[in-house]
Structures are given as structure tokens and as C-alpha cells.
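J.: Input: one structure, supplied below.
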Amino acid sequence: MKERSSFTSRVGFVLAAAGSAVGLGNMWRFPYLAARYGGGAFLIIYILLALTFGFTLMITEIALGRRTRLSCIEAFKSLDRRFAALGWLSALIPVIITPYYCVIGGWVMKYLSEFAAGNGLAASDDAFFGNFIGSAGAGIMDRPMSWFLVFVLMTAIVVLLGVEKGVEKASRVMMPVLVLLSIGISVYSLTLPGAMGGLKYYLLPDFSDVSVTTILAAMGQLFYSMSLAMGIMITYGSYMKKEDNLEKSVAQIEIFDTGIAFLAGLMIIPAVVAFNGGDASLIRGKAGPGLMFGVLPKVFESMSMGGFIGGMFFLLVLFAALTSSISLLETVVSIVDGRDHSSGDSVLSGIRTLGPHYNP
């Protein structure tokens, strides 16, 4: 049986796991949920859940992976065979989510290509998003399936390179760039006329409209954003070195995840309110899955250097989507790969040894 791969350092593990947690859940989903459910009130509820329930569940999953050095299915089974069903349930989630994630990632790549080509004005048109996802474009690269395949290929290449040469190295580059871009665009958004109305809505809580639905939305976002209960943290924990400080690592992952989510809201909510003339009361009507794709291109086009800022934003979102899709596919690979079984090597194991994936 071949030795299980591992991250070369605790920093590598933290950046890779944070890259998994930081993704479309932070950049695309968190801002529109915060806008829809009251801004500051949703933000506080989410942070409280992340510091308590989220921290506890994440440290449990990573500890389980590090202790067993197995995929999520085998990890639960090693505790007690009666828990095997939990492992299969955890394994099913990334299988379902990975194609969905790659579809959204393809959308992000399409918008990035439009801004990079100087077509930000066309991308800001009301009909652009609907025509694109409806495959109304004439060219092959105007169709979402083409961008979906490109995104899948990029993700697969990184995963096939393995833990050290692929997942860890990609995260070491992507995560710092992600943080720097988030801070830069957030500062820029706050300089827009009327942005202070959005900042107040986002930071000052109004608990008068808080309901059970608000709490459930925050809880759902917690699982989605922090990659919990889907086998990812168990898989990454299985690559973590035994001597690394578990509690400190999880705390740093949560800081990355919550910080990027906060910055995403800081980028989008004040900008959208500024684009509405400073009226924060209108943002709930615009808060939906299309907030980023339907509204932000208009915001960028209203800015000086809007094409550059828009391109940088969608590059940021692409980094976030890639780090998460890498972790989802890596979890699936870990399950179907034969590394944690004594019965021998799988076909996928043989393919992956083309790169320096296994530790000697």
C-alpha cells in the first residue's frame, strides 16, 4: 500500500483548506444573502455561528481525517461500521456539487474574458446574461458548455498534479492574490458616491426583521461556505501532518473564510447601493443569485477604469471558484483512488503517479 500524500507544511495545509472554504459561497452567495436578509443582522448571526458551531464541526472533521488518514467513507467506517452511511452521504455531496460548481465557474470565466477583451459595456447589458446562459450566442465560446469544459480542464490538471505539486502550490499563489484583490476592490467600492448608505446597511444591524428564515439562511451559508459535511475537510485533514497544531490551523482557516466573505459583501453591497443613487432600501429587491452577474458589470461600467476593475473582480472570483472546485474534485478523487485500501492500486493512482504525487 502506498503512503498517503501530505501537505509539506502547516501553512500549505491552511492555505489549501482556506482555498476550499473560500469560493463561490463567499464571493457570489454571501453578498446576496446578506443583502436579502438585512445586512448587518445577517452578518452578526453568521459570524456567531461560524465562531461556535462552524469552528466545532470543522475541527472535528479535520481531526477525523488526520487521525484515520483515510477518505471520508473509510474514515467514518473506521470509527464504527454503523457510521459508514454517514461517509457515503458525505461522499455523495461533492459528487453532486462539482458539476454545478464548474458551471458557475464557467460563467465567471466568460465574464472575465469579456472584460479582458474590453467588452465590459456589452457584458453590462440587461440581456447579456440571459442570452449567454440560454446559449443564444453564435460562436462556440458564446455557449456556457464551452466555458464549463475549460473550467473542468483547469481544475482536473491541478488535481492530477497531486497534493504537493498541484493543490498546495496552486493555493499558495491564489490565496494571497485573492486577499489583496478583495481589499483593493473593497476600498475602491467605498469611494463611490452614495456608497456610505450601503456600508451602513451592511454593518449596522437591524434585528426587527430577523426571523427563523434568517437564521436558517445563515446556517445554510455556513455549511456551503466553509465546506462542512461534504467530506472535504476530512480529506484535507488526512493530508495534514500529525505534528501540526490543529486548533490554530482551524482558527486561521476560519479567519480566511469569514474575512473574504466580509470583504465580498463590502465590495458588492456598497457598490450596488451607490449605483442605485445611495438608496439602501432598494437593495433587497435586487438581492438574488444574479446580483453579481446582472448588477456588478453595470457598476463597473459606471466607474472610471471600470473595465480594469471589472476584470480584476472576475479574476478574483475565478481564483475563489478554482480553489473550491479543486477541493471538491480532490475529495472525489480521494474516494475513488485506491490509496487508502490494502487491495492495491487503482487506475487513477497509476495516472496520478505521472506527477510527483506520492511521498517516498
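Values quoted throughout were computed directly from the atomic coordinates according to the rules given, and no laboratory measurement underlies them. In this text the structure is predicted, and so the values were computed from the model without any measurement. Counting neighbours? That spans all protein chains shown, and the Cβs are built from the backbone with ideal geometry, glycine included.
J.: For the pair residue 241 and residue 85, how long in nm is the line joining their label points, each one 7 Å along Cα→Cβ?
T.: 4.0 nm
J.: I would also like to ask the following. Assuming a ≥ b ≥ c are the square roots of the Cα gyration tensor eigenvalues, decide whether the range 175-263 counts as rounded (a/c under 1.5), prolate (otherwise, with a/b larger than b/c) or oblate.
T.: Since a/c reaches 1.5 but b/c is at least a/b, the shape of the range 175-263 is classed as oblate.
J.: Relative contact order (percent) for the range 69-128, with alpha-carbon contacts under 8 angstrom and 6 or more residues of separation?
T.: 19 percent
J.: If the only charges are +1 at each Lys and Arg Cβ and -1 at each Asp and Glu Cβ, what is the size of the charge dipole of the range 10-342 around the Cα centre, to the nearest 20 debye?
T.: 520 debye
J.: For the range 10-342, calculate the relative contact order in percent as a whole number, restricting contacts to Cα pairs under 8 Å that are 6 or more residues apart.
T.: Relative CO of the range 10-342 lands at 43 percent.
J.: Short version: ³J(HN,Hα) in whole Hz for each residue of the range 255-267, in order, from phi by Karplus 6.51 cos²θ - 1.76 cosθ + 1.60 (θ = phi - 60°), x for Gly and Pro, what are they?
T.: Values per residue, Gly and Pro as x: 4, 4, 5, 5, x, 5, 4, 4, 5, 4, x, 5, 6 Hz.
J.: How would the range 216-284 be classified by its alpha-carbon gyration tensor: rounded, prolate or oblate, with rounded meaning a/c under 1.5 and the a/b versus b/c comparison settling the rest?
T.: Taking the square roots of the gyration eigenvalues as a ≥ b ≥ c, the range 216-284 is prolate.
J.: Beta carbons within 10 angstrom, averaged per residue: use that to sort the peptides 185-195, 64-74, highest first.
T.: Per-residue Cβ counts within 10 Å, averaged per peptide and sorted highest first, yield 64-74, 185-195.
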